[in-house]
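To start, the structure under review is shown below, and the notes come after it.
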């Protein structure tokens, strides 16, 4: 009994295995995530599609009220936010605001740039720029 209580006390969620987003038109969303954002498509099933994000799985599926009121924000870590935003703009991605400094941290500056998918889900690029790094 004590061992079971110790396991319960030490348990904590720490790894995201999959993120799900509701979309209104699956094929339009698949084209956006695969073609505009360059994500690797894993597989597609009726009303849903899965992508690999370096070991994290993104599921997009036709939902009842995509982008309505609340949306999870997906933050994509990039090495160079200027280059990444220009590459995405070249694929038709419209940013709500150009890359900008969000916070100065002790060992890096945090930069972000926000954009939306076709269903108005909020997405962002994030880059931790170290001193002396372009």
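If only residues of segment 34-54 that are in a loop (DSSP other than H, G, I, E, B) and free of Cβ contacts under 8 Å to residues at least 12 places away in the same chain are counted, the one that is farthest from residue 91 (Cα to Cα) is 46.
Residues in segment 55-64 that are in contact with a strand residue (DSSP E or B) (Cβ under 9 Å, 6 or more places away or on another chain) and either closer than 13 Å to residue 19 by Cα or touching a residue at least 60 places away in the same chain (Cβ under 8 Å) (or both) were compared, and the one that is surrounded by the most Cβ atoms within 10 Å (Cβ to Cβ) is 60. Just one of (1) exposed (fewer than 11 other Cβ atoms within 10 Å of the Cβ); (2) modelled with pLDDT under 90; (3) not in a strand (DSSP E or B) fails for residue 120. It is (1).
Of these, 20, 31, 6, which one is part of a strand (DSSP E or B) and either modelled with pLDDT under 90 or out of contact with any strand residue (DSSP E or B) (no Cβ under 6 Å at 6 or more places or on another chain) (or both)?
20
Residue 87: modelled with pLDDT of 90 or more, assigned to a helix (DSSP H, G or I) and under 13 Å from residue 117 (Cβ atoms), yes or no? Against the criterion (modelled with pLDDT of 90 or more, assigned to a helix (DSSP H, G or I) and under 13 Å from residue 117 (Cβ atoms)), residue 87 does not qualify.
The values are calculated or read from the model by the stated rules, or taken from the named source; none is laboratory data. Source: prediction; values computed, not measured. FYI the Cβ positions are ideal-geometry reconstructions off the backbone, even for glycines, and counts take in every protein chain you see.
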